[in-house]
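Input: a single structure, listed below in structure tokens.
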Amino acid sequence: MSDLCDQPIRFGIGAMSFGNFYGPTTQANSHAILEHAMQMGVTHIDTSNVYGMGGSETAIGTFFKARGSSAKDHFHIATKAGITKDADGNRIYRNDFDHLEAELDQSLHRLGIDAVDVFYIHRRQAKMPIEEATGALARLVEKGKAKSIGFSEIAPSSLRRAAAVHPIAAVQSEYSLATRAPELGLIQTCKELGTALVAFSPVGRSLLTDAPLTDEKVADLPFLSGNPRFMTPNHAANLKATEAFRALARDMGEPTAAVAIAWVLHQGLHIVPIPGTRSVTHFTELLRGTQIKLSDADQHRIEAVLPVGWAHGDRYSDAQWIGPERYC
């Protein structure tokens, strides 16, 4: 099994929130979350070169600089590359070695470390065979700049092809009670190959919390304002659909986000949720999910109020679907 699953707590920080993706934040907020994570024994941080255009990695790097080697030694760091722009400013994907190495070198500089624990390809370059992309990643391991490699949002069939070239430590995919496509092959393939499934957005981009985003807040977030699940009339329908889940969490005496995290963890020992947050208070609620042990009865109650397919709207718009691999 991937070393990522051997961390003290099977849980990580999704550091997209450190890059202002879900609203403005500060390095002080990000540092407070990292400090609390150290105190609570959380070790994994998952970031990317494009989160805040390097801002997320910079926030982590300045924390390491302030806290010294104890922080660097404590954390298991994953970052990604592969999303860039062409000469006209259009988004493109590059998986060639020269691009990946150049981007990783910049990430290492921002983070202030010599090597990352996991280096992912963020999005596949469609016309490049995944075997070639995997080979490029493997060369970075050989050069000592990455300790292991992974991919984000790939299909089970692609994972098998990649794993035939080099061990794949992790595959990152959206997975939650709201998004269950990974159950149709990806969870199973990751388990078979000893690959961690790193579950991003495990609380449904706020829908599976006690304080889901309002229409007013969504309007200020470019990604979500164009996301089908947060557009009219789907957003209102999803807020209504999740009311019973919030009521169930209250009945269990737990924060709703904690129950959502516990559900994800319950689906397999090789699954690592990486929720994002800008708040230590919310981070504490999320982390509480690692301490909840769901019974079979709990599982049935949860799935009774949020059965497979309950969400209104696709998880991505047509534009947002460019890059991720659909496989079912």
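Does H312 fit the bill of being surrounded by 16 or more Cβ atoms within 10 Å (Cβ to Cβ) and closer than 21 Å to F230 by Cα? Judged against the criteria, H312 is a match. Scan R124, R110 and give me the residue that is touching a helix residue (DSSP H, G or I) at 6+ places or on another chain (Cβ under 9 Å) and assigned to a loop (DSSP other than H, G, I, E, B). One residue alone meets the criteria, R124. Contact map, the stretch 187-213: first residue of a type in the set (G, A, S), second residue surrounded by fewer than 21 Cβ atoms within 10 Å (Cβ to Cβ) and in a strand (DSSP E or B), Cβ cut-off under 8 Å, separation 6 or more or different chains; pairs are A199/E174; S201/E174. You will find that of L265, L286, L239, the residue that is in a helix (DSSP H, G or I) and more than 30 Å from I77 (Cα to Cα) is L239 and no other. Within the stretch 82-126, the residues that satisfy the criterion of being farther than 13 Å from G323 by Cβ and basic (K, R) are K85, R110. Residue count for the stretch 303-328 satisfying the condition of being under 18 Å from R205 (Cα atoms) and touching a Phe, Trp or Tyr at 6+ places or on another chain (Cβ under 6 Å): 1. Within the bounds of the stretch 65-74, is there any residue that is crowded, with 24+ Cβ neighbours inside 10 Å and at pLDDT 95 or above? Scanning the stretch 65-74, I find no residue that is crowded, with 24+ Cβ neighbours inside 10 Å and at pLDDT 95 or above, so the answer is no.
Looking only at the stretch 114-127, filter to residues that are in contact with a strand residue (DSSP E or B) (Cβ under 9 Å, 6 or more places away or on another chain) and surrounded by fewer than 20 Cβ atoms within 10 Å (Cβ to Cβ); which one of those is farthest from I83 (Cα to Cα)? Talk me through it step by step, then tell me what you get.
Here is the first cut: in the stretch 114-127, the residues in contact with a strand residue (DSSP E or B) (Cβ under 9 Å, 6 or more places away or on another chain) are 115-126.
Subsequent filtering for residues that are surrounded by fewer than 20 Cβ atoms within 10 Å (Cβ to Cβ) retains 115, 125-126.
Working: A115: 20, Q125: 9, A126: 12 Å.
My answer is A115.
Cβ separations smaller than 7 Å between residues 6+ apart or across chains give the following pairs from the stretch 28-39 residues that are touching a residue at least 40 places away in the same chain (Cβ under 8 Å) and more than 13 Å from G61 (Cα to Cα) to residues that are among the basic types (K, R) and buried (at least 17 other Cβ atoms within 10 Å of the Cβ): N29/R278. Among the conditions (1) of a type outside the set (S, T, Y); (2) modelled with pLDDT of 95 or more; (3) touching a strand residue (DSSP E or B) at 6+ places or on another chain (Cβ under 9 Å), the only one that G144 does not satisfy is (3). Within the set L111, L177, L104, the sole residue that is more than 30 Å from G289 (Cα to Cα) and surrounded by 17 or more Cβ atoms within 10 Å (Cβ to Cβ) turns out to be L104. When the stretch 149-174 is filtered for residues that are surrounded by fewer than 24 Cβ atoms within 10 Å (Cβ to Cβ), at negative phi and part of a loop (DSSP other than H, G, I, E, B), the ones remaining, listed by number, are A155, A164, V165, H166, P167.
Conditions first: (1) modelled with pLDDT of 95 or more; (2) surrounded by fewer than 17 Cβ atoms within 10 Å (Cβ to Cβ). A87 passes all but one, so which condition is the exception? Result: A87 fails condition (1) only.
Note on the stretch 211-236: residues that are within 22 Å of P24 (Cβ to Cβ) and assigned to a loop (DSSP other than H, G, I, E, B) total 8.
Summed over the stretch 44-54, residues that are surrounded by 21 or more Cβ atoms within 10 Å (Cβ to Cβ) and out of contact with any Gly (no Cβ under 7 Å at 6 or more places or on another chain) total 4. Restricting the first member to the stretch 64-90 and to residues that are touching a residue at least 24 places away in the same chain (Cβ under 8 Å), and the second to residues that are of a type in the set (K, R) and surrounded by 12 or more Cβ atoms within 10 Å (Cβ to Cβ), the beta-carbon pairs closer than 6 Å and six or more apart or on different chains are F64/K72; G82/R123; I83/R123. Of all residues in the stretch 274-282, one or more are basic (K, R), in contact with a helix residue (DSSP H, G or I) (Cβ under 8 Å, 6 or more places away or on another chain), in a loop (DSSP other than H, G, I, E, B) and over 18 Å from Y175 (Cα atoms). Summed over the stretch 1-17, the residues that are surrounded by 17 or more Cβ atoms within 10 Å (Cβ to Cβ), modelled with pLDDT under 95 and of a type outside the set (A, V, I, L, M) give a count of 4. Among the residues of the stretch 4-27, those identified as in contact (Cβ under 8 Å) with a residue 60 or more places away in the chain and among the polar types (S, T, N, Q) are Q7, S17, T25. Can we say F200 is surrounded by fewer than 19 Cβ atoms within 10 Å (Cβ to Cβ), under 18 Å from the mean Cα position of the chain (by Cα) and either closer than 23 Å to A257 by Cβ or not aliphatic (A, V, I, L, M) (or both)? For F200, the condition - surrounded by fewer than 19 Cβ atoms within 10 Å (Cβ to Cβ), under 18 Å from the mean Cα position of the chain (by Cα) and either closer than 23 Å to A257 by Cβ or not aliphatic (A, V, I, L, M) (or both) - is not met.
The values are calculated or read from the model by the stated rules, or taken from the named source; none is laboratory data. Source: prediction; values computed, not measured. Methodologically, a virtual Cβ is constructed for each residue, glycine included, from the backbone with ideal geometry; neighbour enumeration extends over all protein chains shown.
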